[in-house]
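Enquirer: I'd like to ask you about the structure that follows.
Read-outs throughout are calculated quantities, based only on the coordinates presented, and are distinct from any laboratory measurement. Keep in mind that this is a model prediction, so the values were computed, not measured. Don't worry about glycine lacking a Cβ; one is built from the backbone with ideal geometry, like all the others, and counts go over all protein chains shown.
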Amino acid sequence: MSDAMNPGLDLNKETYFYNHGTHTSAYRFLGAVPLDKGYKFTVWAPNAFQVKIQGDFNEWSLSSMEKIPGGMWTIDVENAEKGDRYKYAIDNGRGYTEYKIDPFAYRFEDAPRDASIVWDIPEMKWDDSRWLQKRKRVNHFENPLNIYEVHASSWKQHEDGTLYNLSELADELVPYAKKMGYTHIELMPLMDHPLDASWGYQVTGYYAVAARFGTPEDLHYFVNKAHEAGLGVFMDWVPGHFNRNQNALAFYDGTPTYEYEDYNRANNIAWGTLNFDLGKNQVQSFLISNALYWIREFHIDGLRVDAVSSILYLDFDEGPWTPNEDGTNHSKEGIRFLQRLNTVIHEEFPDAIMMAEESSDWPKITHAVEDGGLGFDYKWNMGWMNDTLKFFEMDPLFRPANIRLVTFVFMYQYNERYILPYSHDEVVHGKDSMLGKIPGDRYQQFATLRTIFGYMQAQPGKKLSFMGNELGQFLEWRYYSGLEWEDLKQPYNTEYQHFIETLNNFVINDKSFYQQDHSPEGFVGLEADDLNEGKLSFIRRGKLKRDFTVVMCNFVPVERQKVRIGVPFKGTYEVVLNSEMEEFGGNWKTQETLFKTDDTPYNDQPYSIEITVPSLSVLYIKPKRIYGANK
């Protein structure tokens, strides 16, 4: 037990740091803290007239809490026990009392019940020291990052429709994700939230694992099992806005407490939530402590920060907005908060990975704070995602003339360190599943889907794909039911899943696909402007001259014969992956694998080979025996 969690903690000292915005472990003194006998309950409600507590320990009568300097209210309850339910009764001094959650509770009742539950941070034996040492040792920018995004309650469910808890999920999901060639699992928000349809993005209890997913112990089990298997775990995190239910953080002490006082800034119309006042010291202590809580206490490998654009822009939302003091729409508080968040996290955990889900062209998202950047490790490339989906949704007849939708990314792909995402947002609300977006018959749909992901894995940048994408699921994602595992009994689905498994495991074990993801030296364009036939070819390179792969994509359902491709070295090349092979659901039964170069320069390369390119396909071609690469 830490010093801050023992009976001798100095509340005045802790309060000082909390109120100055510099506390990074506020959960160790706020909420229900174990004493030698019972628990100490402390809550921040600076403008409350009076605060009382009720719960199982006092038969739900009201016990008055003591106000101490700095806006804190506290009480020692000797007979409080782990598992007791409780609420705070906050009197705003104007004749009204609101019954509120504990913002620092580690557990809550399952919705729609909403009492906080006395709980402790689990003391669990970790078996992931090897993983954590590796995490410290490796440079994640130069290693594979192939993320499997998961909604915990709809990946798979019990036959009677009840949900898996995180322990049960771990036992099936972890070995599956490992087998399928993913390096990390990213869990959509696990924090307590009342509405399933929010997918976890409207949080009430920031320090609690939602009851529908189990207990904090279940999360410990999940992460420990993943790390033992060599898989990382990321979590979605929502610091921009919070659920506006009256029983939670909204107007916590009867006044704007966690949200802005300016209602234009506080009111999030589009999402029906309230925006955190990110310039308020106490909110910074609350949120930065929370980010570190998941990384520090649960060994989470990093956070995907949701809706960063809404933090950066004052006019991101619908409706009226208030400009800042210089009249611009840039949120200075939001910028400073994000810079400090990333700085503090990387000071304690240099190997933790911070990812921004940011949809605008804001510069320097992944640049160092000292250089004027926000300090994130990665940014989701939403522009690439939108362009490529628009391209593949087209009738193949129109794709060649629009191939610059795919190649436009070449113009900016090194401006930031990017993650290329096909996330949950792209397969809901009438957008169709990945398979359902594609025109043509079922064969062409699956051939195109293999091409999409074969191209995606070859494109510079780290990768993320939502659960179900690897199954070729036809229905849109539904948060209230499991994936359509039954689809694997349909023609092409099992073969397609086998392709994704083969593809993933190939690219995470080939340095040319990840070692120089963020360096121009890792990419050589060959044919990037084929407006007639719709082909695309390029080279991915690792740091050694021999570590390279030639990538050929054909985006139309027409086989191309005698296609010449430029290569950098004389010798023999082989096709190591052909998405149109029969084992993947394609039409090719055999593959001519070896191709000798001739001395014909092509694509600005000194040598070339001539091959046949299947319709709707991706080919990976590697050197078999070449000359001059060791010089």
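Enquirer: If you line up the long axis of helix 332-348 against the longest principal axis of the chain, both from Cα atoms, how many degrees apart are they, to the nearest 10?
Expert: Tilt relative to the chain: about 80 degrees.
Enquirer: At a temperature of 4 °C and a viscosity of 1.567 mPa s, determine how fast the stretch 494-631 diffuses translationally according to Stokes-Einstein, using the Kirkwood radius over alpha-carbon pairs as Rh; express D in µm²/s, rounded to the nearest whole number. Could you put the intermediate results ahead of the total?
Expert: Values: Rh = 15.4 Å.
It diffuses with D of about 84 µm²/s by this estimate.
Enquirer: Could you size up the charge dipole of the chain around its Cα centre, putting +1 on the beta carbon of Lys and Arg and -1 on that of Asp and Glu, and report it in debye to the nearest 20?
Expert: That gives a dipole near 1940 debye.
Enquirer: Loop-only chymotrypsin sites (Phe, Trp or Tyr not before Pro) in the stretch 356-454, please: DSSP not H, G, I, E or B, and at most 13 other Cβ atoms within 10 Å.
Expert: Values: sites: 376, 378, 380, 384, 391, 392, 398, 408, 410, 412, 414, 418, 422, 443, 446, 453; in loops: 376, 412, 414.
Those satisfying the criteria are 412.
Enquirer: Another question, then. Just add up the charged neighbours of residue 213: K/R +1, D/E -1, any other residue whose Cβ is under 12 Å from the Cβ of residue 213.
Expert: Values: positive: 107, 212; negative: 110, 168, 192, 196, 217, 218.
Cβ neighbours under 12 Å give a net charge of -4.
Enquirer: Set Lys and Arg Cβ to +1 and Asp and Glu Cβ to -1, take the dipole of the chain about its Cα centre, and tell me which of 239, 312, 146 lies farthest positive.
Expert: Of the candidates, 146 comes out farthest on the positive side.
Enquirer: Shape verdict for the stretch 258-302, please, from the Cα gyration tensor: rounded (a/c under 1.5), prolate (a/b greater than b/c) or oblate. Before the final figure, lay out each step's value.
Expert: Numbers: a/c = 4.74, a/b = 1.98, b/c = 2.39.
Oblate, since a/c reaches 1.5 and b/c is not below a/b.
Enquirer: Counting Lys +1, Arg +1, Asp -1, Glu -1, what net charge surrounds residue 98 among other residues with beta carbon under 14 Å of its beta carbon?
Expert: On the way: positive: 52, 87, 94, 100, 244; negative: 91, 102, 114, 253.
Taking every Cβ under 14 Å from that of residue 98, the sum is +1.
Enquirer: Now for a different question. Kindly provide the trypsin sites (Lys or Arg not before Pro) of the stretch 467-526 that DSSP labels as loop, not H, G, I, E or B, and whose Cβ sees at most 14 other Cβ atoms within 10 Å.
Expert: Hits after loop and neighbour filter: 478.
Enquirer: Does the stretch 60-101 come out rounded, prolate or oblate, given a ≥ b ≥ c as the square roots of the eigenvalues of its C-alpha gyration tensor, rounded meaning a/c under 1.5 and, failing that, prolate meaning a/b above b/c? Present the calculation step by step, with values, prior to reporting the outcome.
Expert: Numbers: a/c = 2.32, a/b = 1.35, b/c = 1.71.
Oblate, since a/c reaches 1.5 and b/c is not below a/b.
Enquirer: Around residue 170, what is the net charge, scoring Lys/Arg as +1 and Asp/Glu as -1 over all other residues with Cβ under 9 Å from its Cβ?
Expert: On the way: positive: 225; negative: 168, 171, 172, 218.
Overall, the nearby charge balance is -3.
Enquirer: Volume per residue, Å³, of the convex hull around the alpha-carbon atoms of the stretch 54-212? Can you show the working numbers first?
Expert: Numbers: hull volume 31.8 nm³, N = 159.
Per residue, the Cα convex hull of the stretch 54-212 comes to 200 Å³.
Enquirer: Output the direction-averaged projected area (hull surface divided by four) of the convex hull of the alpha-carbon atoms of the stretch 201-360, in nm². Present the calculation step by step, with values, prior to reporting the outcome.
Expert: Working: hull surface 40.6 nm².
So the Cα hull casts an average projection of 10.1 nm².
Enquirer: Could you size up the charge dipole of the stretch 298-436 around its Cα centre, putting +1 on the beta carbon of Lys and Arg and -1 on that of Asp and Glu, and report it in debye to the nearest 20? Numbers along the way, then the final one.
Expert: On the way: 11 positive and 24 negative charges, 86 e Å.
Here the stretch 298-436 has a charge dipole of around 420 debye.
Enquirer: Taking the dipole about the Cα centre of the stretch 24-132, with the C-beta of Lys and Arg at +1 and of Asp and Glu at -1, give me whichever of 73, 105, 39 is farthest to the positive side.
Expert: 73
Enquirer: Report, in whole Å, the centroid distance computed from the Cα atoms of the stretch 178-217 and the stretch 501-531.
Expert: Spelled out, the Cα-based centre of one part sits 32 Å from the other.
Enquirer: Counting pairs of alpha carbon atoms under 8 Å apart in space and at least six apart in sequence, what relative contact order in percent does the stretch 297-369 give?
Expert: Numbers: 66 pairs, mean separation 31.5, N = 73.
Rounded, it is 43 percent for the stretch 297-369.
Enquirer: Next up: Within the stretch 140-213, report the GluC sites (Glu not before Pro) that DSSP leaves as loop and that have at most 12 other Cβ atoms within 10 Å. Working shown, then result.
Expert: Numbers: sites: 142, 149, 159, 168, 172, 186; in loops: 159.
Hits after loop and neighbour filter: 159.
Enquirer: Same structure again: So for the chain, taking the charge dipole from beta-carbon charges (+1 Lys/Arg, -1 Asp/Glu), which of 177, 617, 90 sits furthest toward the positive end?
Expert: 617
Enquirer: Rounded, prolate or oblate: which one fits the stretch 372-427, using the alpha carbon gyration tensor with axes a ≥ b ≥ c (rounded when a/c is under 1.5, else prolate when a/b beats b/c, else oblate)?
Expert: Oblate.
Enquirer: Using a Förster distance of 41 Å, how high is the FRET efficiency between residue 264 and residue 479, based on the Cβ-Cβ distance and rounded to 0.05? Don't skip to the answer; put the middle values down first.
Expert: Working: r = 31 Å, r/R0 = 0.76.
Efficiency, rounded to the nearest 0.05: 0.85.
Enquirer: Just to confirm the number: angle between the C-alpha axis of helix 442-458 and the first principal axis of the chain, 0 to 90 degrees, nearest 10?
Expert: Orientation of helix 442-458: about 80 degrees from the principal axis.
Enquirer: So what is the orientation-averaged projected area of the stretch 39-120, using the convex hull of its C-alpha atoms, in nm²? Intermediate values should be presented prior to the final figure.
Expert: Numbers: hull surface 21.4 nm².
Averaging across all directions leaves 5.4 nm² for the Cα convex hull.
Enquirer: Something else: Return a whole-number percent for the relative contact order of the chain, with Cα pairs under 8 Å and 6 or more residues apart as the contact set.
Expert: On the way: 1412 pairs, mean separation 65.9, N = 631.
RCO, the chain: 10 percent.
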